[in-house]
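J.: A single structure is presented below for examination.
The values are calculated or read from the model by the stated rules, or taken from the named source; none is laboratory data. Just so it is clear, the structure is predicted and the values come from calculations on it, not from any experiment. Because the Cβ atoms are built from the backbone with ideal geometry, glycine has one as well, and the counts that use them run over all protein chains shown. The area values use the complete protein model at the heavy-atom level, side chains included, leaving out ligands, DNA and RNA. Shrake-Rupley method; radii C 1.70, N 1.55, O 1.52, S 1.80 Å.
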Amino acid sequence: MRLDRRGFLSSTALVGGAGGLAAGLAPSFLLSDSARAAEPKKGGTLKLGIAGGSSTDSLDPRTLTDSVPTTIVSAITNALVEIDAKGQATPELATSWATADGAKTWVLKLKEGVAFHNGKAFEAEDAVYSINLHRGENTKSPAKSILSGIADIKASGPHELTVTLTEPNADLPYIFSDYHLVIVPKDFTDWAKLIGTGAFKLESFQPGVRASGVRNPDYWKAGRGNVDRFELTVINDGTARLNALISGQIDVMNRIDRKTVQLLQRAPTVAIVRSTSGQHYPFLMLCDRKPFDDNNLRLAVKYGIDRQQMVKTILNGFGTEGNDHPISPANPYYNSELPIRPYDPDKSKYYLKQAGMADFKVTLHTSDAAYAGAPDAAVLYRAQAKKGNVLVDVQRDPADGYWDNIWMKQPFCMSYWMGRPVPDMMFSTAYASDASWNDSYWKRPAFDKMLVEARGITDFDKRKAIYWDLQKMVHEDGGNMIATFADFVDGRGAKVEGFEPHPSYELSNFRIIEKAWLKA
Amino acid sequence: MIFKLALRRLALGVITIFVVSVLIFSVTELLPGDVATAILGQGATPEAVAEIHRELDLDHPAYVRYGRWLEGFLKGDFGNSLTTNEPVSVQLVPRLMDTLALAGLAALVAVPLAIALGLLAAIFEDRALDKIISTFSLATISVPEFFMGYLLIIILATNLQLFPSLALVEPGMGIFERVYAMALPALTLTFVVMAHMMRMTRAAVIDVLQRPYIEMARLKGIKPWRIVIQHALPNALGPIVTVVALNLAYLVVGVVVVEVVFVYPGMGQYLVDAVSKRDMPVVQACVLIFALVYVLLNLLADIVGILANPRLRHPR
């Protein structure tokens, strides 16, 4: 197996299991970064085989929910802000941003001299139109909730955007990096023939089958948009995808099955790209009803899981241990002084006793809908928790209708979350009392208050102190048992360069098409 | 006579198709969730669901929606897909053509091969060749289709690199290029459907070969292959054609797994996507086409059976 060098280094550095090692490797990691970014070669056709597409896909940015349409849209368009490989907001169509009144009103300067594929010059009114697609009463965009703090967005000049918020939010630039919030020309609606300012012009799109595009010769971003053409084939079957990569029919794939990743050792023409990420797989305990309204039971459950074994067995080592809060060790705000909760069956028994129980019988609902491997994780947990007298009955539900009938309805079930670049986006999406995705019904006014307070602070250290406290609160009291953070495991052919690991999403934050280049 | 029978069968077929459409509609109503929650998945907040319902006009009871769909269908309009908002035919027609092309290619190989092998097995009944043919065809039918597909991929695509593991066909491809791309899925399907047809050919021909008139022919000194081709096969044709028709229908409607393994853009994957997204107009259109294929192929089998059998051709 040829582990991607940068991926290997960055992930070992971030796992932090060996602190000294991480410190020792950091400089070489940076060196290899600049060395590799040096000389992208132009030309060639990039062939991708991607899972996560359906014949019901559309390129309307308001409908993006899975990898295939998102990867295509990311090749055709740009957002205002990009997240770099270290998780920081960097300029894309917005060249700079500033706030004068404590993060309540933001002024974004937009890039000049950029044109859409139809020749129209990019201006502030295009950005206003594009963002407003996701706002207002009648939109069905999944990005609606993250934009709910925006009171008004207007063009204050041909290349200047003024955003007024209902309350201060220092993370506004990160919000504009969301993959739904891409920029299209004002009044554009012909989504089947999507145009943007991106590195590639859409050539063909057959939902659930394939898409192709040709390089935009006028692309404005240095070092990106290197290949002449991309051809993307939807391959939802994991074995078919892997075979296509090994036999050279495709150059790039996503979601290598963690169980078979070892088999790639036999294929010298293939490398894996591993990205440490904030993607996590919580066991959800609903805190507003029996039995989990008693925190003793939540703690008994949390001490009953062997996190190391979960990472080793369920993720085949491609992940890191979680600490029952959603901020991953890769995040700059991660509370590194909070010890990871150990596997301690005696503590489970102790908390059961506090709750007045000798043993605790509970049904855990699981399904492949939560994530591939969720039923395995449930069965493994049953064996682990038994030692602490937490007696789990695993019920496997059909993937069809799981989010409808089980999630947020059954008191103990499994789920998944993608990571967010900043803690505020994670906490306000799933942990604030009024969040519609508060999927454990954990509601604490003290938490809400601190969350709002942190949102308005622009000083990193002051915010970090608050986020450390919030992580501790969720860790000690929350309804989420988060035992693992899962890496993204993508694959590439040996001639593909520029496929850098990225903490946000797979396929280098869905931007592999504009980043990749091919060695001769 | 044949026209009358064909008309009667056709009328029955229309009723079958109507019943199928009612059945499919009610079964999908019974499934948990609807198009809104299926599209939104984990992101299904009540507001978003209500918004999609309003936009797609799903607020009406099931029988009203069915009535509207039926009305459109009778006017020749399959309706719009609920998820992409395009007319169903936009995606359906090319996919149907691709599925028919794959089924046709597999049938072109499988049917003559199966009948020839069945005849050989019948001629050499209980001898070594018969045993070999029977064992081989039973082995291929006992392996699940997806496994057969993977097996062929590993041997012919990954190791020997003879054929592509992905059957990527696209409009504008040359015929040879297209057949080359479709080689592995067609081969997989051939293995899957061959055994059934071959066994039936063998059994039917052996059955006929035991009749007195064949004995008579043998005594007259006619060569064995002539007996089989000229005397036995025509009389065994009825059951063989029926089985061939069933397998042809299977080639069109039962190829979902093979399509997934080889990433072939046919009807199967489209139907599966539509069911999981509760995209009713698409499901209805796909299922009706499948039902139509069954009805027509069975009708064809009946007619061929009658033509091949003088007693049915001239009823008393």
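J.: Tell me, what HN-Hα J-couplings in whole Hz come from the Karplus equation 6.51 cos²θ - 1.76 cosθ + 1.60 at θ = phi - 60° for each residue of the stretch A:370-387, using x for Gly and Pro?
T.: These are the phi-based 3J(HN,Hα) values: 5, 5, 5, x, 4, x, 5, 4, 5, 5, 5, 4, 4, 5, 5, 6, 4, 5 Hz.
J.: Something else about it: Between residue A:387 and residue A:193, what FRET efficiency follows from the Cβ-Cβ distance if R0 is 60 Å, with the result rounded to 0.05? Mind showing how you got there, number by number?
T.: Numbers: r = 59 Å, r/R0 = 0.99.
Given R0 = 60 Å and the Cβ-Cβ separation, E is 0.50.
J.: Would you rank A:294, A:424 by solvent-accessible area, highest first, keeping every protein chain in place and using a 1.4 Å probe? Each step should come with its number before you reach the end.
T.: Numbers: A:294 50, A:424 5 Å².
Sorted by accessible area, descending: A:294, A:424.
J.: State the volume of the convex hull built on the alpha-carbon positions of the stretch B:176-268, expressed per residue in Å³ and rounded to an integer. Mind dumping the intermediate values first?
T.: On the way: hull volume 9.8 nm³, N = 93.
Cα-based convex hull of the stretch B:176-268, divided per residue, equals 105 Å³.
J.: Further, regarding this structure: As a test of the formula, what do you get for the protein assembly as shown when each DSSP H run with n ≥ 4 contributes -39,500 (n - 2.57) and the sum is divided by the residue count, at 222 nm and rounded to the nearest 500 deg cm²/dmol?
T.: Values: 31 runs with 380 residues, N = 836.
Mean residue ellipticity, 222 nm, calculated: -14000 deg cm²/dmol.
J.: Then there is this: Just for the Cα atoms in the stretch B:216-261, what are the lengths along the principal axes, largest first, rounded to whole Å?
T.: In descending order, the Cα extents are 55, 19, 9 Å.
J.: Over chain B, what is the relative contact order in percent, taking alpha-carbon pairs closer than 8 angstrom and at least six residues apart?
T.: Relative contact order of chain B: 27 percent.
J.: Ranked by accessible surface with a 1.4 Å probe, highest first, in what order do A:506, A:476 come?
T.: Accessible-area ranking of A:506, A:476, largest first: A:476, A:506.
J.: Only counting protein heavy atoms at a 1.4 Å probe, give the residues of the stretch A:225-254, ordered by number, whose accessible area falls by 50 Å² or more when the other protein chains are present relative to the chain alone.
T.: Residues passing the criterion (a loss of at least 50 Å², heavy atoms only) are A:237, A:243, A:247, A:249.
J.: How many percent of all Cα-Cα pairs in chain B sit more than 31 Å apart? List each step's numbers first, then the result.
T.: On the way: 22859 of 49770 pairs.
Counting every Cα pair in chain B, those more than 31 Å apart make up 46 percent.
J.: Ok, one more. How are the Cα pair distances of the stretch B:2-74 distributed, in percent, across 5 Å bins from 0?
T.: 3, 13, 17, 18, 15, 11, 8, 5, 4, 3, 2, 1
J.: Residues of the stretch A:102-140 with accessible area at least 40 Å² lower in the all-protein-chain context than alone (1.4 Å probe)?
T.: Residues shielded by partner chains are A:138, A:140.
J.: Something else about it: Among A:446, A:355, A:373, whose Cα lies farthest out toward the positive end of the dipole of the stretch A:280-486, if unit charges sit on the beta carbon of Lys, Arg (+1) and Asp, Glu (-1)?
T.: About the Cα centre, the residue reaching furthest to the positive side is A:355.
J.: Let me ask you something else. Using 1/(1 + (r/R0)^6) with R0 = 60 angstrom and r between the beta carbons of residue A:355 and residue A:494, what's the FRET efficiency to the nearest 0.05?
T.: Details: r = 56 Å, r/R0 = 0.94.
Efficiency at R0 = 60 Å is approximately 0.60.
J.: I'd like the Karplus ³J(HN,Hα) series for the stretch A:273-282: coefficients 6.51, -1.76, 1.60, θ = phi - 60°, whole numbers in Hz, and an x wherever there's a Gly or Pro.
T.: Coupling constants for the stretch A:273-282: 10, 10, 10, 5, 9, x, 5, 9, 10, x Hz.
J.: Please calculate the 1.4 Å probe accessible area of residue A:47, with all protein chains present, and give it to the nearest 10 Å².
T.: Looks like 80 Å² after rounding.
J.: Then there's this: Please report, largest first and rounded to whole Å, the three semi-axes of the ellipsoid equivalent to the stretch A:280-486, where each semi-axis is the square root of five times an eigenvalue of the C-alpha gyration tensor. Before the final figure, lay out each step's value.
T.: Details: eigenvalues 135, 67, 61 Å².
One finds semi-axes of 26, 18, 17 Å for the stretch A:280-486.
J.: Now, a different point. Using a 1.4 angstrom probe and counting only protein chains, how large is the accessible area of residue B:225 in Å², to 10?
T.: 150
J.: So, one more: Binned at 10 Å from 0, what are the whole-percent values of the Cα-Cα distance distribution for the stretch A:286-369, short to long?
T.: 15, 38, 36, 10, 0
J.: Under the Karplus relation 6.51 cos²θ - 1.76 cosθ + 1.60, θ = phi - 60°, what is the ordered set of whole-Hz ³J(HN,Hα) values for the stretch A:297-310, x standing for Gly and Pro?
T.: Each residue of the stretch A:297-310 in turn: 5, 4, 5, 4, 5, 5, 6, x, 10, 9, 5, 4, 5, 4 Hz.
J.: With label points built 7 Å along Cα→Cβ from the Cα atoms of residue B:300 and residue A:346, find their separation and express it in nm.
T.: 7.6
J.: I would also like to ask the following. In debye to the nearest 20, how big a dipole does the stretch A:280-486 give about its Cα centre with +1 on each Lys and Arg Cβ and -1 on each Asp and Glu Cβ?
T.: Values: 25 positive and 26 negative charges, 84 e Å.
Here the stretch A:280-486 has a charge dipole of around 400 debye.
J.: Set Lys and Arg Cβ to +1 and Asp and Glu Cβ to -1, take the dipole of the protein assembly as shown about its Cα centre, and tell me which of B:264, A:502, A:335 lies farthest positive.
T.: B:264
J.: Turning to a different aspect of this structure: Quick check: Cα centre of the stretch A:141-205 to Cα centre of the stretch A:473-520, how many Å?
T.: Taking the Cα centre of the stretch A:473-520 as reference, the centre of the stretch A:141-205 is 23 Å away.
J.: So, one more: Place a point 7 Å from the Cα of residue A:462 along the Cα-to-Cβ direction; which residues of the stretch A:81-117 have their backbone N under 16 Å from it?
T.: Counting only backbone N, you get A:99-105.
J.: Further question: With Rg and the Kirkwood Rh both taken from Cα atoms, where does Rg over Rh land for the stretch A:413-480? Write out the running numbers ahead of the final one.
T.: On the way: Rg = 11.7 Å, Rh = 12.3 Å.
Rg/Rh for the stretch A:413-480 comes to 0.95.
J.: Which value, in square angstrom to the nearest 100, describes the accessible area buried between chains A and B on both sides, using a 1.4 angstrom probe? If you can, show how the numbers build up before the last one.
T.: Numbers: alone 20960 and 17430 Å², together 35400 Å².
Protein heavy atoms only, the A-B interface buries about 3000 Å².
J.: Can you give me the orientation-averaged projected area of the convex hull built on the Cα atoms of chain A, in nm²?
T.: Numbers: hull surface 92.4 nm².
Over every viewing direction, the Cα hull of chain A projects on average to 23.1 nm².
J.: Using the beta-carbon distance between residue A:433 and residue B:77 and R0 = 51 Å, what value does 1/(1 + (r/R0)^6) give for FRET efficiency, to the nearest 0.05? Intermediate values should be presented prior to the final figure.
T.: Working: r = 49 Å, r/R0 = 0.95.
After rounding, the FRET efficiency stands at 0.55.
J.: Using only Cα atoms, tell me the angle between helix A:5-15 and the longest principal axis of chain A; keep it within 0 to 90° and round to the nearest 10.
T.: So the helix axis and the longest Cα principal axis differ by about 40 degrees.
J.: Taking the 0 to 90 degree range and rounding to the nearest ten, how far is the long axis of helix B:183-209 tilted relative to the main principal axis of chain B, both from C-alpha atoms?
T.: Between the helix axis and the principal axis of chain B, the angle is about 40 degrees.
J.: Would you mind checking which residues have amide H under 5 Å from residue A:419's amide H? H placed 1.01 Å from N; only 5 or more apart, or other chain.
T.: When sequence neighbours closer than 5 places are left aside, the close amide H contacts are A:278, A:279, A:280.
J.: Further, regarding this structure: Please work out how much accessible surface residue A:218 shows to a 1.4 Å probe, ignoring ligands, DNA and RNA, in Å² rounded to 10.
T.: Probe radius 1.4 Å; accessible area of residue A:218 about 120 Å².
J.: Counting Lys and Arg as +1 and Asp and Glu as -1, what is the net charge of the other residues whose Cβ lies under 15 Å from the Cβ of residue A:288?
T.: Values: positive: A:289, A:290, A:298, A:409, A:443, A:444; negative: A:293, A:294, A:434, A:439, A:477.
With Lys, Arg at +1 and Asp, Glu at -1, the net is +1.
J.: Give the residue from A:314, A:517, A:235 lying farthest towards the positive end of the charge dipole for chain A; charges sit on Cβ (+1 for Lys and Arg, -1 for Asp and Glu) and the dipole is referred to the Cα centre.
T.: A:314
J.: Give me the angle, in degrees from 0 to 90, between the Cα long axis of helix A:345-354 and the longest principal axis of the Cα atoms of chain A, rounded to the nearest 10.
T.: Taking the Cα atoms of chain A, the angle to A:345-354 is about 70 degrees.
J.: Please list B:53, A:365 from largest to smallest accessible area, probe radius 1.4 Å, with all protein chains kept in place. The partial results should precede the final answer.
T.: Details: B:53 45, A:365 15 Å².
From most exposed to least exposed: B:53, A:365.
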